[in-house]
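*Asks:* Before I ask anything, let me first share the structure, which is written out below as structure tokens.
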Amino acid sequence: MGYTIAVVGATGAVGTQMIKMLEESTLPIDKIRYLSSHRSAGKVLSFKGQEVTVEVTSQDTFAGVDITLFSAGGATSAKFAPYAVQAGAVVVDNTSYFRQHPDVPLVVPEVNAYAMENHKGIIACPNCSTIQMMVALEPIRQKWGLDRIIVSTYQAVSGAGQSAINETKNQLRQVLNDGINPKEVTAEILPSGGDKKHYPVAFNALPQIDLFTDNDYTYEEMKMTMETKKIMADDNISVSATCVRIPVLSAHSESIYIETKEVAPITAVKAAIAAFPGAVLEDDTSQQLYPQAINAVGSRDTFVGRIRKDLDQENGIHMWVVSDNLLKGAAWNSVQIAETLHEKGLVRATSELKFEFI
């Protein structure tokens, strides 16, 4: 007997990839339902060659659904996830809304699948930039411990949605085809759609992703900090992030510096990463082999390279980490959570989590 799966936000950049991942999934699926806003309702998409009409998301659309994947923005998850759980579905939420809820597991399956065992109806998928960092660092944490993480990200525009991809392509055309000065191209979305000013990303690097908080870090940077501590179940790890948007369409890159509790030999670190599920070691400077964004696109894996000792700190290590932000950073991690729920027999109705319905 198979499941009825619903995808909320099915027509978006991540939703489209969720559908692809579900088509390739080991989940036994009897029925698929695509949900969206009124704007996209009525569109016809496919699933394994069969036509599926997109429905409007409402509080009554989750009857009979076993697993619901949400990727339509935090406000949509806040409003409709409680109804999905109330109807008996397990929710895998790809937005930031539930990530810091104390009763909601925040899961990267390779790292902390155990956290799902006592779920109360909702499992949260971490931020895309956090996910790939966790896959790269967990094998090190397991063997030598972690005291400190400093990360600088180089994030693709697809992390801001299809509209940001379109804006970036348009800016590049304006500069390359029309000869417009990069400072003068049209910018209406990045670095953050909700902020006062917008800047071009074409031929640029924007050290702002999301809005700024009171401590001068952005919400994206604070997500990486707080999510890392929750996933690794260690509030004592020092984490600091600087998140930057660059004119790459897909795949996030990260420069990560860590300090381990015990001194870790680099050869052993490389071996641990190479053996870890979901991680691929690409590290041979003699052959100029290191992770690149264009090579990561379309892969579910996280690629790790440029692993080297810090020149001054005995327990310091630097590395370069790349992953497809729409796949492992979002769609695949969500479907992977659903597969793990199935494998562990955790697809079950629950009413333990108390909600304030919006």
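The values are calculated or read from the model by the stated rules, or taken from the named source; none is laboratory data. Since this is a predicted model, take the numbers as computed values, not measurements. Note that we place each Cβ from the backbone using ideal geometry, even for glycine, and neighbour counts take in every protein chain shown. SASA here: full protein model, heavy atoms, side chains in, ligands and nucleic acids out. Shrake-Rupley method; radii C 1.70, N 1.55, O 1.52, S 1.80 Å.
*Asks:* Which ones in region 45-102 are open to solvent by less than 10 Å² (accessible area, probe 1.4 Å), more than 18 Å from K20 (Cβ to Cβ), aliphatic (A, V, I, L, M) and assigned to a loop (DSSP other than H, G, I, E, B)?
*Replies:* V65, A89
*Asks:* Got a sec? Which of L172, L176 is open to solvent by 60 Å² or more (accessible area, probe 1.4 Å), over 25 Å from V108 (Cα atoms) and out of contact with any strand residue (DSSP E or B) (no Cβ under 7 Å at 6 or more places or on another chain)?
*Replies:* Details: L172 fails: open to solvent by 60 Å² or more (accessible area, probe 1.4 Å).
So the residue among L172, L176 that is open to solvent by 60 Å² or more (accessible area, probe 1.4 Å), over 25 Å from V108 (Cα atoms) and out of contact with any strand residue (DSSP E or B) (no Cβ under 7 Å at 6 or more places or on another chain) is L176.
*Asks:* Right, something else. Please go through region 291-303 and pick out each residue that is open to solvent by 80 Å² or more (accessible area, probe 1.4 Å) and either closer than 13 Å to W320 by Cβ or in a loop (DSSP other than H, G, I, E, B) (or both). Can you show your working first?
*Replies:* If we filter region 291-303 for residues that are open to solvent by 80 Å² or more (accessible area, probe 1.4 Å), which is where we start, we get 294-295.
N295, the sole residue that qualifies.
*Asks:* I would also like to ask the following. Of all residues in region 142-168 being part of a strand (DSSP E or B) and more than 17 Å from D324 (Cα to Cα), which is most open to solvent (accessible area, probe 1.4 Å)?
*Replies:* Going residue by residue through region 142-168, those that are part of a strand (DSSP E or B) are 146-155.
Still in the list and also more than 17 Å from D324 (Cα to Cα): 146-151.
Details: L146: 4, D147: 63, R148: 103, I149: 1, I150: 61, V151: 1 Å².
Within region 142-168, the match that is most open to solvent (accessible area, probe 1.4 Å) is R148.
*Asks:* Among the residues of region 187-205, are any hydroxyl-bearing (S, T, Y), free of Cβ contacts under 8 Å to residues at least 24 places away in the same chain and either open to solvent by 70 Å² or more (accessible area, probe 1.4 Å) or closer than 25 Å to I123 by Cβ (or both)?
*Replies:* The answer is yes, given that some residue of region 187-205 is hydroxyl-bearing (S, T, Y), free of Cβ contacts under 8 Å to residues at least 24 places away in the same chain and either open to solvent by 70 Å² or more (accessible area, probe 1.4 Å) or closer than 25 Å to I123 by Cβ (or both).
*Asks:* Suppose we keep only residues that are of a type in the set (A, V, I, L, M, F, W, C) and more than 16 Å from the chain's Cα centre (by Cα) within region 242-256. Which one would you say is surrounded by the fewest Cβ atoms within 10 Å (Cβ to Cβ)? Step through it out loud before you land on a result.
*Replies:* So in region 242-256, the residues of a type in the set (A, V, I, L, M, F, W, C) come out as 243-244, 246, 248-249, 251, 256.
Restricting the remaining residues to those that are more than 16 Å from the chain's Cα centre (by Cα) gives 246, 248, 256.
Values: I246: 17, V248: 20, I256: 22.
The extreme case among them is I246.
*Asks:* Right, something else. Pull up region 257-277, narrow it to residues that are free of Cβ contacts under 8 Å to residues at least 12 places away in the same chain and more than 27 Å from the chain's Cα centre (by Cα), then point me to the one that is farthest from E314 (Cα to Cα). Write out each step before concluding.
*Replies:* If we filter region 257-277 for residues that are free of Cβ contacts under 8 Å to residues at least 12 places away in the same chain, which is where we start, we get 265, 267, 271, 274.
This time we only want the ones that are more than 27 Å from the chain's Cα centre (by Cα), so: 265, 267.
On the way: P265: 10, T267: 15 Å.
Checked region 257-277; the qualifying residue farthest from E314 (Cα to Cα) is T267.
*Asks:* Residues of region 26-40 being over 21 Å from the mean Cα position of the chain (by Cα), within 16 Å of A13 (Cα to Cα) and either open to solvent by less than 40 Å² (accessible area, probe 1.4 Å) or at pLDDT 95 or above (or both), which ones? Before you say what the answer is, go through the steps one by one.
*Replies:* Residues of region 26-40 over 21 Å from the mean Cα position of the chain (by Cα): 28-33, 37-40.
Restricting the remaining residues to those that are within 16 Å of A13 (Cα to Cα) gives 37, 39-40.
Listed by number, the list holds a single entry, S40.
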